[in-house]
Amino acid sequence: MRSPLLLAAFCATLTISAQAPAPGLSADRLKRLDALLQKYVDDNQVAGAVALVLRDGNPVYERAFGWSDKEAGRKMRTDSIFRIASQTKAFTSTAVLALVEEGKIGINEPVSHFIPTFAHTTVAVSSGGGSTVPAKRPITIADLLTHTAGISYGTDPLVASLYEAKGLGPAAGNGWYTADKTEPICETMERLGTLPFVAQPGEAYVYGYNTDILGCVVEKASGMPLDEFVRTHITEPLGLKDTRFFLPPDQRDRLAAVYAGTRDGKYVRAPEGSKGQGHYVEGPRKSFAGGAGLLSTAHDYARFLEMIRKGGAIGPVRILAPRTVELMTTNQSGTLHSTTGLGFGFGFETVDRYGAKGMFSVGSFGWGGAYGTNYEVDRQGHLVVVLMIQLMPNFADIQEKYYNLVLQSLLN
């Protein structure tokens, strides 16, 4: 355990420096972002946004636009806190691979070694889950990391009624939401193991509870709750002070409000509850969802990504080995995720063909969250690109245009 003084020294080395020009990047071209992002606010397509771009670890663009809470009159700030939903997956995948490095988890190890209800899983073959067949093989840690275990969020008609009866799928917000649950995540995932899945292991890319299961695996393998593992092994060493599963009540005014996009491209304030503002301040604080539970800031998330971009370390703080990071950021799922040049590694979507994701270079990686947060890391361009909004559902096309304006500013 690091001493407070040593930790403070580490954190001091990780502070993002003042915004400054970068070689090979046009500051004038980058300023085009100002007009773009302000227009989305002025046109009432998003209430507010925080944009942050790092090049070689230094901020070359960091701005806040619009409102954190329009009704309360709170303007967006660069240190506003956001619900990051599926961007949590990168943290949990990092936790799993840190335990792989310690020899406590095997990448090809069956999940049932940690969660016994996964020893004999089934696959639904008719609507409603009334007819099932046994899984052809055990689900492994690698299957979960790549979303190829055949496990959905339980909202699809094939299994929805069975999942709802067990407090999952339609009964859990949008399927992935567990912040209102009064039980630890492992209890929920143990129950999940008794339900049928929707595809055979290794045969399809199915986005779902995979990383929530991995959060339970982290707890079982490490002997500590997921929030404690993430704090002691990732966020504290990196100096990420605003990344956590639940917000202290005295910080509530820093949490950006959620808005719901409408089909006409505008938005309304989202309701309270699991499909809107959530239970991140006053919830039961018992379910640490490894797939969708964290809160964070643009600054914190960019610093985490910079660690990954640099091969698992920033300065004296090493979280993962370089070869482990290569596994995370290299396509491990073949063409199951996509046949258009995008792959999926151990926690990130990967760009395997130039043009598969706009102007991002081959080797880039990223993902996003249900509340509209989004990120991409372009290793050839030495870039970490983060955009934070709170819009669910999200019908705005802000992400693609934002990325294009960042990348058109690169001159080498």
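Taking all protein chains together and a 1.4 Å probe, the residues Arg77, Arg309 rank Arg77, Arg309 from largest to smallest accessible area. Solvent-accessible area of Ser333, all protein chains in place: 10 Å² (probe radius 1.4 Å, heavy atoms, ligands and nucleic acids excluded). For the chain, the share of accessible area belonging to carbon and sulfur comes to 53 percent (1.4 Å probe, ligands and nucleic acids excluded). GNM remark for the chain: springs join alpha carbons under 10 Å apart, and the peak mean-square fluctuation among Ala85, Ala27, Ala51 falls on Ala27. Taking amide H positions as modeled 1.01 Å from N, with prolines and chain starts lacking one, the residues under 5 Å from Trp367 and 5 or more places away or on another chain are Tyr375. Using the Cβ-Cβ distance between Thr339 and Gln408 with R0 set to 22 Å, the FRET efficiency from 1/(1 + (r/R0)^6) comes to roughly 0.20. In this view, the solvent-accessible surface of Lys241, computed with a 1.4 Å probe and all protein chains in place, comes to about 150 Å². With the simple spin-label model, which puts each label point 7 Å out from Cα in the Cβ direction, the Asp56 to Glu102 separation comes to 3.6 nm. Relative contact order of the range 257-412, taken over Cα pairs closer than 8 Å and 6 or more residues apart, is 20 percent. Surface analysis of the range 339-412 yields an accessible area of 32 Å² per residue, using protein heavy atoms and a 1.4 Å probe.
Based on DSSP H segments of at least four residues, each scored -39500 (n - 2.57), the chain has a per-residue ellipticity at 222 nm of -7000 deg cm²/dmol.
Shape of the range 290-412 from its Cα gyration tensor (a ≥ b ≥ c, root eigenvalues): rounded if a/c is under 1.5, otherwise prolate when a/b > b/c, or oblate? Rounded, since a/c falls under 1.5.
Beyond 21 Å in Cα-Cα separation lie the following of the pairs Lys39/Lys401; Lys39/Lys266; Lys31/Lys266: Lys31/Lys266. Does anything in the range 246-261 have its amide N under 14 Å from the 7 Å Cα→Cβ label point of Thr78, and if so which residues? No residue passes the distance filter.
Amide H contacts under 5 Å for Leu342: Asp352, restricted to partners 5 or more places along the chain or on a different chain, H placed in the peptide plane at 1.01 Å from N. Shape of the range 73-191 from its Cα gyration tensor (a ≥ b ≥ c, root eigenvalues): rounded if a/c is under 1.5, otherwise prolate when a/b > b/c, or oblate? Taking the square roots of the gyration eigenvalues as a ≥ b ≥ c, the range 73-191 is oblate. Among 262-274, 89-101, the peptide with the highest mean count of other Cβ atoms within 10 Å heads the list, and the full ranking is 89-101, 262-274. For the chain, averaging the sequence separation of C-alpha pairs within contact (under 8 Å, six or more residues apart) and dividing by the residue count gives a relative contact order of 23 percent.
In summary, the lysines within cross-link reach of Lys104, defined as a Cα separation below 24 angstrom excluding same-chain residues under 8 places away, comprise Lys89, Lys220.
Cα centroids of the range 52-124 and the range 336-412: 15 Å apart. Accessible area per residue for the range 98-243, computed on protein heavy atoms with a 1.4 Å probe, is 36 Å². Note on the chain: GNM, Cα springs under 10 Å; of Leu240, Leu192, Leu158, the largest mean-square fluctuation is that of Leu158. Rounded to the nearest 5, what is the percent of antiparallel bridges among the DSSP beta bridges in the chain? For the chain, the DSSP antiparallel bridge percentage is about 95. Distant-in-sequence amide contacts of Met392, defined by a placed amide H-H separation under 5 Å and a gap of 5 or more residues or a different chain, comprise Tyr259, Ala260, Gly261.
Working from label points 7 Å from Cα in the Cα-to-Cβ sense, the Asp34 to Met224 distance is 4.5 nm. Among the GluC sites (Glu not before Pro) within the range 170-215, those in coil by DSSP and having at most 15 neighbouring Cβ atoms inside 10 Å are Glu203.
Entry note, the range 360-412: relative contact order of 29 percent, from Cα contacts under 8 Å with a spacing of 6+ residues. Projecting the Cα atoms of Thr262, Tyr209, Gln399 onto the charge dipole of the chain, computed from C-beta unit charges around the Cα centre, puts Gln399 farthest toward the positive end. Counting only lysines at least 8 places from Lys181 when in the same chain, those with an alpha carbon closer than 17 Å to its own are Lys166, Lys275, Lys286. You can think of it this way: the chain between Val362 and Ala119 has 83.7 nm of extra reach, that is 0.36 nm per residue less the Cα-Cα gap.
The values are calculated or read from the model by the stated rules, or taken from the named source; none is laboratory data. These figures come from a predicted structure and were not determined experimentally. Every residue, glycine among them, receives a Cβ derived from its backbone with ideal geometry; neighbour counts consider all protein chains shown. Note: accessible area is taken over every heavy atom of the protein model, side chains too, but ligands, DNA and RNA are not part of it. Shrake-Rupley method; radii C 1.70, N 1.55, O 1.52, S 1.80 Å.
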